[in-house]
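Here's the structure we're looking at; comments come further down.
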Amino acid sequence: MTTDSVEAKRILPLIVFAQFACTSLWFAGNAILPELQLAFHLPTSSLAHLTSSVQLGFISGTLLFALLTISDRFSPSKVFFFCAVAGAIVNVSITLVTSSVALFLLRALVGFFLAGIYPVGMKISADYHEKGLGKALGYLVGALVVGTALPHLIRMMSTTLHWEFVIYTTSLLALTGGCIVYFLVPDGPFRKEGSKLKLSACFTVFKEKKFRAAALGYFGHMWELYTLWAFIPFIIARYNAINSNQLSVSLWSFIIIASGGIACVLGGYVSGKKGSGKTAYAALLISGLCCALSPFLFQVPIFIFLFFMIIWGMTVVADSPQFSTLVANYAPTQTKGTALTIVNSIGFALTIVSLQVMTILIEHFNPNIVFASLAIGPLLGLIALGRSSTE
């Protein structure tokens, strides 16, 4: 075993924990939505708007970081630290404002600084892995998933405390994660200058057949992912109301979303034997079936409901690191930076559209049936992947 591989094994858990701690900022607002609606006089449609604010900030940050080649010009570990600190400060500032406009702006800024945490964390990991990056990405995306779910657990454990406690806790976690990377994770031995963003290539990159298939599969996956995550508390609460149950919305939201983190890690091992294409295809197929079957979900016994939701929570994100691997592998070498940036940006832009569409559907149709519309994404993604998934 080489010195570099030993160092990579030592560093990976640190990056994984830091990623987990910092991405807890992502859904901090969602976990305390009922309290924010009261404090800021928000309408019932605010769930989609609050989540979309973070997504829009993340897209803006990703594009700007790529245009300015931030993680190439500066130490990725220092960029991660700066964004973790800035994200924590912006997040805690929510407790100091009273305007809904300020709330949405601050959540967008949190998303902006997450662009220097999630993608940069993946770059730091890549700088330590000349081989075995797919498995490492499984752990990193898994950390993102559990970090995203964490605010729901914090909310469940602090029901007697004010909503600000969730904000304070996630900000403290982000500071901790940033410090871990800054003080314990130096720049990796395989760090290379990434390709510059070439706006003229934003469309030409899709001429490559396998890259286009992987990108379209990723887009279908993203149509479903964040909308499901955002509305899981709504689904549980509605099931409770229809069936007179008292499932803990916060606890089960955490369990269902966090189960996807385990699936990401398991998917990393499966992909090592079956390939990323087959693994992504299988996960997308199962999650798509869950979407299609969701209208029947509100009438089943509680143990079937919970089992179904955990399977959905696992498969909805198990394909995420595999799509990242496929897109990176099939991206044209000379425009790889542009290809990865534009795919990431389009994917997150689609989450905003999906969130808004779901809100409209819930307002105008029976909420029991509207989540079947999420199957559109997996269906189109599976069609796009087609035979390439078996190669």
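Observations, loosely collected:
- Residues F80, F104, F17 in ascending order of nearby Cβ atoms (within 10 Å, fewest first): F17, F104, F80.
- Helix-only arithmetic for the chain: the sum of -39500 (n - 2.57) across DSSP H runs with n ≥ 4, divided by the residue total, places the mean residue ellipticity at 222 nm at -25000 deg cm²/dmol.
- For the chain, a simple Cβ point-charge model (Lys and Arg +1, Asp and Glu -1, everything else neutral) yields a dipole of about 880 debye relative to the Cα centre.
- The stretch between S75 and S248 holds 58.0 nm of extra length on full extension. This uses 0.36 nm per residue minus the Cα-Cα distance.
- If you sort the three axes of the alpha carbon gyration tensor as a ≥ b ≥ c, you get a/c of 1.5 or more for the stretch 206-391 and a/b above b/c, which makes it prolate.
- Relative contact order %, the chain, counting alpha carbon pairs below 8 Å whose residues are six or more apart: 25
- Protection proxy ranking, peptides 358-364, 66-72, 122-128, average beta carbon neighbours within 10 Å, highest first: 122-128, 66-72, 358-364
- Packing, as the average of other Cβ atoms within 10 Å across residues, places the peptides 375-383, 268-276 in the order 375-383, 268-276, highest first.
- Gyration tensor (alpha-carbon) shape descriptor, the stretch 337-388, a/c threshold 1.5: oblate
- Contour minus Cα-Cα distance for K123 and A292 (0.36 nm per residue): 57.3 nm
- Cross-link pairs exceeding 23 Å in C-alpha to C-alpha distance, out of K209/K278; K78/K135; K9/K273; K135/K273; K9/K135, comprise K78/K135.
- In sequence order, calculated HN-Hα J values of the stretch 231-240 (Karplus, 6.51, -1.76, 1.60; Hz; x Gly/Pro): 9, 4, x, 4, 4, 5, 4, 5, 4, 4
- Shape class for the chain, computed from the alpha carbon gyration tensor (a ≥ b ≥ c): oblate, with a/c not under 1.5 and a/b at or below b/c.
Throughout, read-outs are computed from the coordinates displayed, never taken from laboratory work. Being a predicted model, the structure only gives us computed values, none of them experimental. Cβ atoms come from the backbone with ideal geometry, glycine included; neighbour counts cover every protein chain shown.
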